[in-house]
Structures are given as C-alpha cells and as structure tokens.
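Novice: Below you will find the structure I want to go over with you.
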Amino acid sequence: MDVTIRVKRQDPEADGEHRLPYWQEYPVTIADNATVLDALIQIREDDDGTLSLRCSCRSAICGSCAMRINGHAGLACKTIANTVVQDGVITVEPAGVMPVVKDLVVNFDMFWEKIEAVDPFLKHMGREPDGEYIVSNDAMLHLSGVTSCIMCGACVSDCTVLEVDPTFLGPAALAKAYRFTADPRDGDSDGVSMERLWALSEPTGVWDCTRCNECVQACPKGVAPMDRIMAIREQAIQQGYNNNNGARHTDAFTESVAHSGRLDELRLPIKSVGGFTNMPALMDYMPVAFRALRRGKMPPIAHKNVDNVEAVRRLFRQLEPDPPAPRVSNNSPFG
Amino acid sequence: MAEVLQHDVLVVGAGLAGMRAAIAARAGGANTAIISKVHPVRSHSNAAQGGINAALLDRGDDWEDHAYDTIKGSDFLGDQDAIEVMCRQAGASLIDMEHMGVTFNRDDDGRLGTRAFGGQRRARTFFVGDFTGQALLHVMFEQLIKSGVQRYEEWFVTALIMEDGQAAGVIALEIRTGELHLIRAKSVILATGGCGRLFEPSTNALIVTGDGMGLVYNAGGQLMDMEMVQYHPTTLAGSGVLISEAARGEGAYLRDKDGNRFMERYAPNMMELASRDVVSRAEQTEINGGNGVDGCVYLDCTHLGEALIMEKLSQIREIGIDLAGTDMIREPIPIRPGMHYIMGGIKTDIEGRTNLNGVYAAGECANVSVHGGNRLGANSLLDTIVFGERSGNHASEFTRDMSFPEFDINGTLNRERRRIQEMLDRPENGDRWSAIRREMGESMNRNVAVFRNEEGIEETIDDLHQLRRRYENVPVHNKGKNFNTDLIFALELGYMLDCADTIAVGALDRKESRGAQFRTDYPERNDEEWLHHIVLTKGDGGPITSELPVTITKWTPEERKY
Ligand SMILES: Cc1cc2nc3c(=O)[nH]c(=O)nc-3n(C[C@H](O)[C@H](O)[C@H](O)COP(=O)(O)OP(=O)(O)OC[C@H]3O[C@@H](n4cnc5c(N)ncnc54)[C@H](O)[C@@H]3O)c2cc1C
Ligand code: SF4
Ligand code: SF4
Ligand code: FES
C-alpha cells in the first residue's frame, strides 16, 4: 500500500525555523497489514534518521507510542494503517496536553507527577497475612480492568479538563487510584481505603471530571478511566461523603476558582448539575457570552483545540462576569 | 562543571531484575540509584504474558520437583546449586510480590491459582491473566516509588568505568537533553535484559539490544553459554510477536497443514507442553518437510471456548486480531518458531557477582546459570526477582564500609565525549545502523537458529566481520542533542555486534547438540566432552573461549525424553 504519512514535527531546542511546529510529508510503501508504527519505523530507518519518536514493544504493552493519529490519541502500534488512511494520507501529531520534547516525543513529567500524587502503592492497615491474602478471583479480575493500563497517556492527551486546568489529577492517575480503592487488600480490614477516598474528593480530584468521555474513547486498553472516576465518587459517597459535606457543591465554585483560576467557571456548574446529560439546566448557568459562542458552533466544554480555549479565555477576560451561583446545589453527581 | 553524581549502588536497568535489586539495596541501607534508557514501566519485562513459577509447599508442591524439571529442561547444563537457590526461594518471593499488590488470579477458595506450563510435571505457574509481566512490572515500579530510590529515567549508559579492577561508575547520555554525565558508584548492578533484537525477527522489544553484556565484555568481563538462544514455538508470522505458552498451557493444540497433532511423534507424553527447544525443533522439522503453510504450522485454540479465552487469553487474542487478522476463538493461528530469549549472559555467582570486582548482574543479561541449555517457560520472571534481590542485598553489604574509588573524572568523561562526538562528526555517506542491523539479524536467523551447522555458523562469523568494518564508519544523520534516537541506535548496534560475535563463536565451539543448540553435524548430546560451560572473553581478534565445569549437586545427567 502506498501512503503519505504527514507528521507534525518540532524541535524546541533548534535555532532555526524548526523551533516551531511544522508539517513534513513522507511517502512510504508498506504492507497491507502494517501498523502506523511500522510506517514510522520504516521512515526512521530508511528515510529520515532525524525523526524522533518513542516505541519499543510493537504490541500495545509498553505504552511508549501514544500519539494523535488523524486528530485522536491512540497507540501507533495498535493502529492498522489501512484502517485510518484518508485520501492516501495519515496525519500524525504528538500527544496533547504534555509539552513536545521533539517531534512525536512529549515530556511525561506531569503525567508521572500525577501518578505519584495518588500514593500509587498498596497500603494495607494492620498485619500482612503469612501466606497470600485470601480474596476472590472476581475481585482480582475486576482490578485487571484497571491494572491493564499501560500508562501510555492517550487519555491525558485528550482530556478536556487537563487541557485547560493542569492541576486536575486526570484520567490515568485517577484510574490508578481506583486500582487501590477497589482492591480488597488496600485500606482497613473491610478493604475500605478511607484516606484515599477523602484525598481524592479534594479539588483536583474526582469531582473535577466533566464526564466528557474523551478518555474512554482514547484508551487503547479498555481501562475506561471516566467510569473508574465515577466509581470512586460512588465509593466516597457510600463512605459518608456527600454533597452537603463541607457544602461541597455550593462552595465548589469559589474553592475551585481559588485553586485553579477563572477557567473553572466553565466546568464547575456543570458538575453540580450532573454533567452533560443535563443540558437544559446546564444552559441556564452558562454565561451569556458562552452561550453565544456555542451558537457560533464553538464546541461546549470539549475544546479539542487550545486556540479555541484561548478564544474563550479572552472573551471571559473581556466580559468579567460575576460567577453565577449554582441554583441547584444538591443534585446527584451521577446525573 | 556540573556537580558529580554519586551513589553507593547504581543499578543499570529498570526492568523487574533492576527494580528488585534497587529496592533490596535501598532496604539494606545503601544510597541507591537506578538508571534506565526507557521509563521503568516501558521495560521489556512487560512483555511476559504467561506467568511465574513457584513450588508452594502448602499446596503439596515440592521445590525439589521444580528444581528437577528446571535441570532437565536445561539439558543438564544449568548449575544445580543456583537452581536450588532459585527454586527454594520461589515461594517466598511469590508471596512477597502478592503482598506488594500483584493481582494474581485466584482459585475458588481465593488462594493463588495456577496454570500448566511446558516442561513441568505439575501446574505451578502463577499468573495475572495473560499480562503477568506487566502486572509485576507496574507493581515493582510502585514499590520503587515508595522506596525512595533515586531514578534517572531515559538515560542511556554508554560506558562502564573500571578503576584498578574495581567498578567506579558509569557514563550515561541524558536522552532528553543530549548531555553526557558521569555517575560515580561503589558498585554497579547490570540488569539490562537480553539481546533479542540482534536476531531478525524476534519476539523481543526494540530496546532489547544486549547493552549490559556488551558493557561487561568490553570492560574485560566474562560472558557464558552465549550459544544458548531460545526459539519460542509460537510466534506470529511477519512481525514475530509472541503468542504465549499460556495458550498451550490452557490446552491449545499444534497442527500441521492437514490438521494432524504432530507432537505425537516427538513428545508422546508431554505433547504440546514438552520443553521449548523440543517443540520448536519439531515444528521446524515439519515446516522443512513440507507439512506447513507459508513457513508456519497452526496453533489451534478453537476448542477452548470463548469464555476461557476471554478470561485468560484476551490480550493474546487481541494481538492475533491486530497483527495477524485472525481471531483465535474462531480459527487456528499460523505460528512458527522465533527467537525469544537468551539463556547465556554475563557470568555471575549465586550472589550476582561477576568476575569484575563490584560489578553485579541479574535478570536476562546475567547467566547464574539457572537455565543452562534451555529455559523453562515462566522461570525467567522468577530468575529476575530472586537474583535481582540477592544482588541488591549483596551489593549494599559490599559497599557499606567502602569509599568511592578515585579516578580522573574529567578526563574519563572527556574521552567518552570525544568518542561520541567522533561518531556525530562522521560523513553522512555509508550504510546506516538500520541496514547493518537488519543484515546482522537475518544472518543470525539464517545460520544460528533452531538448526545449526559448521558451514552456516562460519558464514555468519564472516558476515559479522564485514558488518563490524562497516559499523566503524556508521554515520549518524541526526546531529541534534535532544532525543537523538539516531545516535542511540548507532551506539546500541555496537553492543549487538559484540553479543552476536560471542553467540556465533560459542555455537561454533560447542560440537554437540544440547538444549537450544542443535548441530546437524553433531546431532547427539555428548556429556563426555561437552558437559561444561563455555566462557567468552574479549580478545584482539574476537571472543576467546574457555571451559568451566557444570555444578552438579544431586541430579545426575540422564537422557532427556518428554
Ligand atoms: C514476549 C515475551 C514473553 C515472555 N513471557 C515470559 C513469561 O511468561 N514468563 C517468564 O518467566 N518470562 C517470560 N519472558 C522472559 C522475561 O520477560 C524476561 O526475560 C525478563 O522480563 C527480563 O527482565 P530483566 O529485568 O532482566 O530485563 P528487562 O525487563 O528487559 O529490562 C532491561 C532494562 O535495562 C534497561 N537498559 C538496557 N540497556 C540500557 C542502557 N544502555 N542504559 C540504561 N538502561 C538500559 C532498559 O531500559 C530496561 O529498563 C518473556 C519474554 C518475552 C520477550
Ligand atoms: S471524562 Fe473526565 S477524566 Fe475523562 S477526559 Fe473527560 S474530563 Fe478528563
Ligand atoms: S488509562 Fe488507558 S489511555 Fe490512559 S494511560 Fe492507561 S492505558 Fe493509556
Ligand atoms: S510500541 Fe509499545 S505500546 Fe506501542
């Protein structure tokens, strides 16, 4: 198969024009069942040794090769080229949210900081058993759904909240947290990880997710981070955390504006009324300017594009609206 | 000049062996750091699908049975003292891993469950679905975070520094910035994994390039039994990606083009679960005899049922769909033997010590030797954990009352800077690393594979000489500093050529058939002349071989039948 791979390249350390992003096209001939990664490796080996990307396992297990393919984050080694080619072209860009180191390589520091922030290791209160912990196979199989995460960052790349609020723990770290809150061996003798649940309910935690579902779509391993985030919310509520607690949702607004700035205006009201499913109620809360933007076919919160976010930001700055106080404060967060 | 980095114990490699070693060294009180050319969770230990062996005594198993199966699997080339250490320790190490948080599959009583694996008379392979390596690796990384070990992630080691016969540190390239750093150390533990990519194709990840073996070899250390290269019976045509032995462990059949289960003729008792060298040879014999299709035979899982496949083999089913377009629930998958693992490696004792003072090795890059001529499935993860921990313990003890070796730090670093600058400054013409690497891989796979003979091996040795000459002028097209993978691949190729030389020379030297080494010109095992290890050190004209006796404790070598 003949195909052109269109790569968004950049070398932030270079002096010349390549300091800024630019597009380069590589025509290649590849096998019919070749992956996008096979094509990129072929380019790197036969054509252009200056092209940088991470890859290792070629079988969707090491998490190295997440990138945006035709605009959506995914693993290059899991994407068969002929399923994504459009008019003879496949467009490849570095993953989003994280800064570019070079070409398709992004800086994962913030990704790992977030993982470390959730205390990512088993914490069992009390004495360890002499032999193994006795737990059901079902509990372990259930955890496999999350431990199959390969830390590729595809979800982080496409998370609509992280794009505008870097303080959010984000889908990968919260899925990792669930791996412990749902582990019968973590926490007290009933397997309740109370401290974790409380910490995860703080600002930057599970309540900051807008339930946009992007992470679920991006994840190549079926981890479904958003569903895990919702499950942590449920666990927290079961353990007595509720919307009245600390007047969480009435106060959420001010609290969150304080921790991450004005942009949270865009999402806090939404979480208080139950996510995107409650669109009419949501619209009530939206600043007039924002509604206008929406009519102008601006995507709602799901800004895929930093430029759009910047536009929204600028508008807000100009309008300086008073934060509208959410009218419904005690809605179920599960919408 | 930037401040000098220094640590009592410096672990090179953050796969299972390296992280286990670092955690142990830190727990022993040593100032410990770990350095890895990829982020730890990207390490190749991820790829292990099937499981990890242990004889749990409270389940009626016996470590001596495990030891015997391992020794028989090794075709009696494994050192029995080392195998005893590993098999005795296995149960405790397994429970440690469970306590750390590994989500092992359970039985109906909520205890750890097992599956059957090749070459063993009872099911003692513990597993997490079909992604055991990934599950272990990520948990080990969690423990590494908890341990407070200093991490140098995406740093590539280019040289091992020896001073007066004592380990003194390493030089490493910080990949993100292109800076070269010297890290001083009182002891260095190499846990750099195997060298699979010097064969083409291979089941191994692209980063598995024999760096640690090359580092030790060039520093005057010993490699051992390098000719023992495992071809796994079930790899996908084309990409060479692995379909785990777990499939056969769960009951899958091997069939020829007419649907016959040909293993009946090669291993009537163990059938598909005979040891890997035996099964791979059987397949290759069938393929060579015209009973395959397009160089493959079939792995048939269709009778296992969708439910079992989805619960226990779902990842490999996905690999089959993604890479071969075949759903194993519905049709047999075409497979063939493919390069998978190296039993040989850096010679160590049971504490992980090499012949170089202060240098340790553990995991696939090491040869203790527990695998001898053929490794049993699921014994390698165990090897990484047991001997990773032991080398970490020993190194932390060893460095306790020791001071840092003194040497000319700037001079050493500058010499290495010049060497690398010289590579970058080469003219851009000439073959790139990729062409040389491919030719090396194809030559190895042609002549130093399942079946070998003198003529073929000599042809490959000639090829390697030519390739090395071309390598000396290999250009680096990327002149930039940040994330210059072009430079790294060129450096890796140097390690690979060193390993390839030792493998080919070892294979030529051993004039018998044992384990993974099958010489069509010497088809019998010959205990009288060849029941010994082959040690390789670097000489002016290539590897120099010498002999070392095999340690035999209580299991006398006997004929091997499955
Ligand atoms: C597909 C597949 C399936 C397998 N399945 C099983 C199984 O089911 N059971 C089993 O027991 N075994 C299995 N094995 C074998 C087993 O996975 C490996 O032997 C084992 O994981 C090796 O671990 P390690 O820690 O020695 O090395 P690795 O995990 O390979 O780690 C090597 C480390 O060294 C680092 N490194 C290398 N060179 C440098 C350098 N120059 N500078 C800095 N860092 C460097 C790398 O970054 C990496 O962190 C399988 C192997 C493969 C390929
Ligand atoms: S669902 Fe939540 S975590 Fe997932 S991408 Fe959307 S905002 Fe981010
Ligand atoms: S949750 Fe999925 S997308 Fe996110 S890091 Fe893990 S595997 Fe990648
Ligand atoms: S190369 Fe490992 S996930 Fe793609």
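Novice: Compute the helix-to-body angle for B:433-447: its Cα long axis versus the longest principal axis of chain B, expressed 0 to 90° and rounded to tens.
Specialist: Tilt relative to chain B: about 40 degrees.
Novice: To continue, here is another question. How much area per residue is accessible in region B:90-174 when the probe is 1.4 Å and only protein heavy atoms are counted (Å²)?
Specialist: The answer is 25 Å² per residue.
Novice: With all protein chains present, calculate the accessible area of B:Lys511 using a 1.4 Å probe and round the result to the nearest 10 Å².
Specialist: 70 Å²
Novice: Tell me the relative contact order for chain B as a rounded percent, counting alpha carbon contacts under 8 Å between residues six or more apart.
Specialist: Relative contact order comes out at 22 percent.
Novice: Just to check I understand the Karplus step: with θ = phi - 60° and J = 6.51 cos²θ - 1.76 cosθ + 1.60, what whole-Hz values come out for region B:543-553, glycine and proline as x?
Specialist: x, 10, 9, 8, 10, 9, x, 7, 7, 10, 9
Novice: Distance between Cα centroids, region B:83-107 to region A:119-145: provide it in whole Å.
Specialist: Here the answer is 14 Å between Cα centres.
Novice: Once amide H atoms are placed 1.01 Å from N in the peptide plane, what residues at a sequence separation of 5 or more from A:Val89, or on another chain, have their amide H within under 5 Å of its amide H?
Specialist: A:Thr4
Novice: May I pose another question? Given C-alpha coordinates of the protein assembly as shown, what is the ratio Rg to Rh with the Kirkwood estimate of Rh?
Specialist: When Rh is taken as the Kirkwood radius, the ratio is 0.97.
Novice: Then there's this: What list of ³J(HN,Hα) couplings, whole Hz, do you get for region B:119-126 from phi and the Karplus terms 6.51, -1.76, 1.60, once you set θ to phi - 60° and write x for glycine and proline?
Specialist: Computed from phi, the couplings for region B:119-126 are x, 10, 7, 9, 6, 9, 9, 8 Hz.
Novice: Among the listed pairs A:Lys102/B:Lys37; A:Lys114/B:Lys312; A:Lys114/A:Lys221, which have their C-alpha atoms separated by more than 27 angstrom in this model?
Specialist: From the list (A:Lys102/B:Lys37; A:Lys114/B:Lys312; A:Lys114/A:Lys221), the Cα-Cα distance tops 27 Å for A:Lys114/B:Lys312.
Novice: Output ³J(HN,Hα) for region B:75-89: one whole-Hz value per residue in order, computed from phi by the Karplus curve 6.51 cos²θ - 1.76 cosθ + 1.60 with θ = phi - 60°, and x for Gly and Pro.
Specialist: Karplus values, whole Hz, x for Gly and Pro: 6, 6, 9, x, 7, 5, 5, 5, 5, 4, 4, 5, 6, 5, 7.
Novice: Further, regarding this structure: Counting pairs of alpha carbon atoms under 8 Å apart in space and at least six apart in sequence, what relative contact order in percent does region B:183-230 give?
Specialist: Contact order relative to length: 27 percent.
Novice: While we're on this one: Can you give the Kirkwood hydrodynamic radius for region B:283-407, in Å, rounded to one decimal and based on Cα pairs?
Specialist: Here the Kirkwood hydrodynamic radius works out to 18.2 Å.
Novice: In terms of modelled amide H atoms, which long-range or inter-chain residues lie less than 5 Å from the amide H of B:Val157?
Specialist: Amide H neighbours of B:Val157: B:Leu173.
Novice: So how many Å³ per residue does the convex hull of the Cα atoms of region B:1-65 work out to?
Specialist: Enclosed volume per residue, from the Cα hull, is 131 Å³.
Novice: While we're looking at this one, here's another question. Check B:Asn367: other-chain or 5+ apart residues with amide H under 5 Å from its amide H, H built from backbone geometry?
Specialist: B:Ile346, B:Lys347, B:Thr348
Novice: Still on this structure, please answer the following. Can you list the aspartates and glutamates whose alpha carbon is less than 14 Å from that of B:Lys554, not counting same-chain residues fewer than 8 positions off?
Specialist: Straight-distance partners of B:Lys554: B:Glu64, B:Asp65, B:Asp69, B:Asp79, B:Asp81, B:Glu84.
Novice: Work out the P(r) tail for chain B: percent of alpha carbon pairs separated by more than 45 Å, whole number.
Specialist: 10 percent
Novice: If one computes the Cα centroid of region B:285-300 and of region B:152-224, what distance in Å separates the two points?
Specialist: For region B:285-300 versus region B:152-224, the Cα centre distance is 39 Å.
Novice: Separate question: Measure nothing but the geometry: give the 0 to 90° angle between the long axis through the Cα atoms of B:132-147 and the longest principal axis through the Cα atoms of chain B, rounded to 10°.
Specialist: 30 degrees
Novice: Per residue of B:127-137, what is the mean number of Cβ atoms on other protein chains within 10 angstrom of that residue's Cβ?
Specialist: 3
Novice: Taking region A:1-97, which GluC sites (Glu not before Pro) meet the DSSP loop condition and have no more than 16 other C-beta atoms within 10 Å?
Specialist: A:Glu13
Novice: How large is the direction-averaged shadow of the alpha-carbon convex hull of region A:128-234, in nm²?
Specialist: If I average the Cα hull's projected area over directions, I get 6.9 nm².
Novice: If the reach is capped at under 17 angstrom between alpha carbons, list the lysines near B:Lys561, excluding any in the same chain fewer than eight residues apart.
Specialist: The qualifying lysines are B:Lys72.
Novice: Taking the dipole about the Cα centre of region B:21-165, with the C-beta of Lys and Arg at +1 and of Asp and Glu at -1, give me whichever of B:Thr158, B:Leu56, B:Val38 is farthest to the positive side.
Specialist: Final value for the positive-end residue is B:Val38.
Novice: List the trypsin sites (Lys or Arg not before Pro) within region A:91-124 that DSSP assigns to loop and that have no more than 14 neighbouring Cβ atoms inside 10 Å.
Specialist: Passing both the DSSP loop test and the Cβ count: no residue.
Novice: Would you list which lysines come within 17 Å of B:Lys347, measuring only between C-alpha atoms, while excluding same-chain residues fewer than 8 positions from it?
Specialist: B:Lys538
Novice: Quick one, can you get me the convex hull of the C-alpha atoms of region B:348-483 expressed as volume per residue in Å³?
Specialist: Each residue corresponds to 190 Å³ of Cα convex hull volume.
Novice: So how tilted is helix B:454-471 from the main axis of chain B? Cα-based, degrees 0 to 90, rounded to 10.
Specialist: That helix lies at roughly 30 degrees to the long axis.
Novice: Kindly work out what percent of the DSSP beta bridges joining two residues of the protein assembly as shown are antiparallel, to the nearest 5.
Specialist: Once the DSSP bridges in the protein assembly as shown are tallied, antiparallel ones form about 70 percent.
Novice: How high is the relative contact order of region B:25-95, in percent, counting Cα pairs under 8 Å that sit 6 or more residues apart?
Specialist: 27 percent
Novice: What whole-number distance in Å separates the alpha-carbon centres of region B:230-253 and region B:484-519?
Specialist: The two parts, judged by their Cα centres, are 23 Å apart.
Novice: Quantify how much of the Cα-Cα distance distribution of region B:196-355 extends past 20 Å, in percent.
Specialist: Of all Cα-Cα distances in region B:196-355, 54 percent exceed 20 Å.
The values are calculated or read from the model by the stated rules, or taken from the named source; none is laboratory data. Predicted model only: the values in this text are computed from it and were never measured. Glycine gets a Cβ as well: all are built from the backbone with ideal geometry, and neighbour counts include every protein chain shown. Just so you know, the surface numbers come from the protein's heavy atoms only, side chains and all, with ligands and any DNA or RNA stripped out. Shrake-Rupley method; radii C 1.70, N 1.55, O 1.52, S 1.80 Å.
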